[in-house]
Amino acid sequence: MVLVKKLKDIAYIVIHGFGGTPKDILTIKNELIKNGINEEDIFTPLLKGHGIKGKIKIGTKYEDIIKELEGYIIKNCGEYKQKYVFGYSMGGLVSLGLATNMKIDKLVLFNAPMHIWNFRNFVWTIYTKKPKQKIYHIKTVLSSFKYSKIVNSMELRRLQAYVRANLDRVKADTYIIQSKHDYVATPSSANEIYDKIGAIQKTIKWYDEMTHYIPNEEKIDQVVSDTVEWIKI
């Protein structure tokens, strides 16, 4: 008698952003748990070439990042019936690239940067935020200039170009989360993804008074709660 291993229902794979680590999206993971998702079903892989905060190993190609992520999912999530991928910032672009070749059932994008840098939104952030928050955003922008080597920036643009050319191949149900005052991933990014993606089921959810760094925002609980409600549809 051959025993057939029973498949688990859903794997939740949460992808961090450019130069980051899984610690950057820990709040998203924790909020998923608060919303009733089992911790053992949540996976937070470290992207290839990453590991030191704010840096990417020189020579890391976006194709290799996607390929290694695909291998990770096959190895660690193969016993699940469905795979839901959550991509934050550049992790959103990587998730879209992954979905061009791999079957993903649901895709959640947090401020995926199809277009980058909006000076007006940066000014709004510095003008409206509390002093402690102003310092955080200024330091974050300055550190991005310090660590974003030219070769890494070019690789990000190559990834953007690949995703832009292949969005019609992404068929997963897609939930696009976009901060209206994002100064890193401009709001036009969400509109382009929505217009060009091949998904039949697609939704944009806009959040006012939030910046690019959604995992660090006070209302991250509401963002994830809204996301879980969308997942249930």
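Structural remarks
- In this calculation the C-beta distance from Glu63 to Lys205 is compared with R0 = 22 Å, giving a FRET efficiency of 0.15.
- Cα-projected label distance for Arg120 with Asn35, points at 7 Å along beta-carbon direction, nm: 3.0 nm
- Cα centroid of the range 83-111 to Cα centroid of the range 177-233, whole Å: 13 Å
- For Pro113, the shell of other residues with beta-carbons less than 14 Å away shows a net charge of 0, using +1 for Lys and Arg and -1 for Asp and Glu.
- Rounded to the nearest 20 debye, the dipole magnitude of the range 169-209 is 260 debye, with +1 charges on Lys and Arg beta carbons, -1 on Asp and Glu beta carbons, and the Cα centre as origin.
- Probe 1.4 Å, protein heavy atoms only - accessible area per residue of the range 1-118 in square angstrom: 48 Å²
- Packing rank of 161-170, 179-188, where each peptide gets the mean count of other beta carbons within 10 Å, highest leading: 179-188, 161-170
- Taking 32 Å as the limit for the C-alpha separation, the pairs Lys48/Lys81; Lys34/Lys129; Lys29/Lys81; Lys8/Lys180; Lys61/Lys83; Lys106/Lys129 exceed it in the case of Lys8/Lys180; Lys106/Lys129.
- Applying 1/(1 + (r/R0)^6) with r as the Cβ-Cβ distance of Lys103 and Asn191 and R0 = 35 angstrom yields a FRET efficiency of 0.85.
- Summing charges over all other residues whose Cβ lies under 9 Å from the Cβ of Val223, with Lys and Arg as +1 and Asp and Glu as -1, gives -2.
The values are calculated or read from the model by the stated rules, or taken from the named source; none is laboratory data. What you are looking at is a predicted structure, and each value in this text was computed from that prediction instead of being measured. All Cβ positions, glycine included, derive from the backbone under ideal geometry; neighbour counts span all protein chains shown. These accessible areas exclude ligands, DNA and RNA; they are computed on the full protein's heavy atoms, side chains included. Shrake-Rupley method; radii C 1.70, N 1.55, O 1.52, S 1.80 Å.
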